[in-house]
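**Student:** Here's a structure for you.
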Amino acid sequence: MSIAHIRKEYQKATLDEREAPANPIALFDTWFHDAIRAEVAEPNAMCLSTAGDGKHPEARIVLLKGFSQEGFEFYTNYHSQKGQALMANPFCSLTFFWPEVERQVRINGESVKLSQEESDAYFASRPRGSQIGAWVSQQSERLESREQLEQRLKETKASFEDKDIIRPPHWGGYRIIPSQIEFWQGRPNRLHDRLLYERITNTAWDLVRLSP
């Protein structure tokens, strides 16, 4: 089959601005739990797009670990490519795609680091293997071989044997404070529903419909 002929007709739901809540976080909450009920494999998987130097955009999948009226949270190594990009340019985008419910959400906003207390609390909740992994991985740096990584793992396990594992100082969370949130609902004939929320104040949003 030709790639150009791969297509799907979307027809599971509609999105009407007259029925949409005034606050986009409320709609995101509804859609996120719809994705869970639809058994999306990883409903919290999201594409984080950055442009650290303003010229070379980069994208990768990270996992959402919390959301609220304040924003959307994830955790990473601050020395990683994404961490360096956000240090150079805190503005970024998040994209969720849930094919099982034929929906997409795009979020534009500014990143801020979570407090040390917030990062400590989340790190303490992680499985021990993931905690060790945060110490082992010098994320985004070049490795000579897989064996080099395995040796670091062996040494790190030994150093923490019978000890609690504290959070590495180079590892923690970010919160993306949204300025725009767009909700996309697939519709037949590529005439999709698109609603865009744009922040006016800390608590007020403007809502418009976009052409598909």
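Only the coordinates and a few stated rules stand behind these numbers; no lab work does. None of the values given here were measured: they were computed from a predicted structure. Every residue, glycine among them, receives a Cβ derived from its backbone with ideal geometry; neighbour counts consider all protein chains shown.
**Student:** At 25 °C and 0.890 mPa s, grab the translational diffusion coefficient of segment 98-185 from Stokes-Einstein with a Kirkwood Rh over Cα pairs, rounded to a whole number in µm² per second.
**Tutor:** Here the translational diffusion coefficient equals 154 µm²/s.
**Student:** Here is a further query. Which whole-number percent is the relative contact order of the chain (Cα, under 8 Å, 6+ apart)?
**Tutor:** 26
**Student:** What is segment 1-75's relative contact order, in percent, from Cα pairs under 8 angstrom and six or more apart in sequence?
**Tutor:** It rounds to 17 percent for segment 1-75.
**Student:** May I pose another question? Can you tell which of 185, 148, 116 shows the greatest fluctuation in a Gaussian network model of the chain with Cα springs below 10 Å?
**Tutor:** 148
**Student:** Quick one: 3J(HN,Hα) in Hz for segment 113-127, Karplus 6.51/-1.76/1.60 with θ = phi - 60°, rounded, Gly and Pro as x.
**Tutor:** With the stated coefficients, segment 113-127 comes to 6, 6, 5, 4, 5, 5, 5, 4, 5, 5, 4, 5, 7, 6, x Hz.
**Student:** Something else now. Lys/Arg Cβ at +1, Asp/Glu Cβ at -1, dipole of segment 140-212 taken about the Cα centre: which of 192, 203, 170 is farthest positive-ward?
**Tutor:** Of the options given, the answer is 192.
**Student:** Right, next: In a GNM of the chain with a 10 Å cut-off on Cα contacts, which of 153, 86, 143 has the highest mean-square fluctuation?
**Tutor:** In the Gaussian network model the winner is 143.
**Student:** How large is the charge dipole for the chain, taken about the Cα centre, if only the Cβ atoms of Lys, Arg (+1) and Asp, Glu (-1) carry charge, to the nearest 20 debye?
**Tutor:** 460
**Student:** In terms of modelled amide H atoms, which long-range or inter-chain residues lie less than 5 Å from the amide H of residue 179?
**Tutor:** Correct list: 108, 109, 110.
**Student:** Using θ = phi - 60° and the Karplus form 6.51 cos²θ - 1.76 cosθ + 1.60, what ³J(HN,Hα) does each residue of segment 5-10 get, whole Hz, x for Gly and Pro?
**Tutor:** 9, 7, 7, 9, 8, 8
**Student:** Hey, another quick one. If you count, for each residue, the other Cβ atoms within 10 Å and average over each peptide, how do 155-165, 72-82 line up from highest to lowest?
**Tutor:** Output ranking for 155-165, 72-82: 72-82, 155-165.
**Student:** List, in order, the whole-Hz ³J(HN,Hα) value for each residue of segment 170-186 obtained from phi through the Karplus relation with A = 6.51, B = -1.76, C = 1.60 and θ = phi - 60°; use x for Gly and Pro.
**Tutor:** Values per residue, Gly and Pro as x: 8, 10, x, x, 10, 10, 8, 8, x, 10, 9, 9, 10, 10, 10, 10, x Hz.
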